[in-house]
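Read the figures in this text as sums done on the coordinates, not as results from a lab. Keep in mind the model is a prediction, meaning the values are calculated, not measured. Cβ atoms come from the backbone with ideal geometry, glycine included; neighbour counts cover every protein chain shown.
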Amino acid sequence: MAVKSTVKASPSGSSRSRQPRGFWNLAVTELWERFSFYGLQAVLTFYLVYSLADGGLAMERTTAVSIVGAYGAGVYLAQVLGAWASDHLVAPRRMVLIGAVIIALGHVSLAVLPGGAGLAAGLSLVAVGTGALKTNITAIIGMMLADRDREGSDAGFSLFYLAINVGAVMGPLLTGLLQSRAGFHYAFGLAAIGMGVALVQYSLNYRRLPEQSKVVKASISRSRTGIALGAVVVMAVVAAVLWRTGLVDGANLNYVMGMVIVVVAMSYFSVVLRSRLVTGAERRRVGGYIPMWLAEVAYYALNLQIFTTVPLFVTDRVRLDVLGWQVPEAWFSSIGNVALVLFIPLMAGPWRRGAVGRLAPPAKFALGIGSVSVAYLLMLLTGFWAPGKTVSPLLVASCLILAGISEVFVGPIGFTVVTRIAPEAFATQLVALKILTLGAGSTLSGILGAYYTHLSPSQYFVVVGGLGLLCASVLALAARRVESLIQV
């Protein structure tokens, strides 16, 4: 007997075979935000270490990688505060708008203010603004995909990741080219223009966002709001005093941010697991997510070296002349994202049909960590070149391509997991904890980058690649157990 087939409309007004209404508008907004963010990130290390004559700040290398790692940590740490604020004070859609304005001001500060003043103001504003925007725009995407099954949600977040990485490719390519031809401040100005486009794009669809995005889920009283804002002010004052007295400086900032992230992550997991608003099943799933959170931190500690160790290696060892044309150094940070942009569409469609698509999330994580580890081990081949800037850019590009592709097994899958297992009372904040893996990973990438300055490249790649493979192996062995805990 023939069975009549029907297609159920999603709450967002789209069939399950297509993405929900408004999905692509948010995706393009995120594209331009990532254009500005990665456009800045790609040239930041070079800006810190270049000589004053070349337009840089002439910092020591260990200090430079520490600042880059701490900046990344600050960006993602701020997202925990942004998630908390959207749950208790300001609706997610308005938090995104506020964040976009603050980020734009940060890029303008870097473009027009010289020296350390521009660096401090610009990086601080970008970090705070990204904290308000990033978690909340991802949470809104999760609201749009809430009615999809796991494979459909994976595919939707993979397409969202595609938009993110298109921006992550365009930003470094264009700012890197402009920096090499006109200087750093012009590159920062281009990043500001990209953020301005994101702000306009988001405003066009502001009133048509999902109803859930207009709601503060757990608003608090004015007295508690005052206490929370007072705590933020106290922390800012303490941070300023520590910096002014020299107890915290560029050389140890990365370690301080790392300790803060550890305390924040442990506190958040403790609050969620002990909350009376969390059911027993939700508590089991959050507990099962902890090893995946740690695995994602390990992954990004390796992946984000494209902004710490890789720029130093490119500056020292890579021959930039290709057929008489000088390749901008910042372009190497975007090679992996180019590969990822090309690879994601191949994965998003066949995802639910292929063997990889049927793997449990912990197994996909293990595959991603193993792939990026192999990429760094392949960098050992650069040791066959003579000292100096003699290493083939094609070999380095090949390794970075493998490292870039590996993110498809970690980034979008992590978003799918947290949006599906998050307790109702902590939905946005668990997304913030997921994004905090990037902050912890950025901190570790800066710490590893500091060790790079004391080891030979070959020694460094052996240590980093070997540790990565060890992490992947442990997670692969525990994959079934972890999957049983996070099952919805």
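Summary table
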| read-out | value |
| --- | --- |
| Centroid-to-centroid separation of the range 294-332 and the range 56-72 [C-alpha atoms, Å] | 15 |
| Kirkwood Rh, angstrom, the range 16-124 [1 / mean 1/r, Cα pairs] | 15.8 |
| Residues Leu380 and Ala251, FRET efficiency given R0 of 30 Å [Cβ-Cβ distance, rounded to 0.05] | 0.55 |
| Extension gain (nm, one decimal) between Leu342 and Ser51, 0.36 nm per residue minus Cα-Cα | 101.2 nm |
| Relative contact order (%) - criterion: Cα under 8 Å, at least six apart; region: the chain | 26 |
| Total lysine pairs under 24 Å (Cα atoms) in the chain, excluding pairs fewer than 8 apart on one chain | 7 |
| R0 of 51 Å, Cβ-Cβ distance Arg283-Leu323: FRET efficiency to nearest 0.05 | 0.30 |
| Calculated SAXS-style log₁₀ I(q)/I(0) at q = 0.12, 0.14 Å⁻¹ - the range 134-230, Debye, Cα scatterers | -0.65, -0.80 |
| Relative contact order %, the range 352-426, counting alpha carbon pairs below 8 Å whose residues are six or more apart | 41 |
| Computed [θ] at 222 nm, helices only, for the chain once each DSSP H run of length n ≥ 4 contributes -39500 (n - 2.57) | -25000 deg cm²/dmol |
| Electrostatic dipole magnitude of the range 23-486 [Cβ: Lys, Arg +1; Asp, Glu -1; Cα centre; debye, to 20] | 1140 |
| Cβ-derived FRET efficiency at R0 25 Å, Ser267 paired with Asp147, nearest 0.05 | 0.15 |
| P(r) weight above 36 Å for the range 23-486, C-alpha pairs, percent | 23 |
| Between the range 464-480 and the range 264-278, the Cα center-to-center distance that results, in Å | 27 |
| Table column - 3J(HN,Hα) (Hz), the range 443-453, Karplus curve with 6.51, -1.76, 1.60, x for Gly and Pro | 4, 5, 5, x, 5, 4, x, 5, 5, 4, 6 |
| Extension reserve of the Gln459-Ala231 stretch, reckoned as 0.36 nm per residue once the Cα distance is removed | 77.6 nm |
| Extended-chain gain in nm, criterion 0.36 nm per residue less alpha-carbon gap, Ser473 and Arg222 | 85.4 nm |
| Computed over the range 398-487, Cα set: Rg, Dmax in Å | 16.1, 49 |
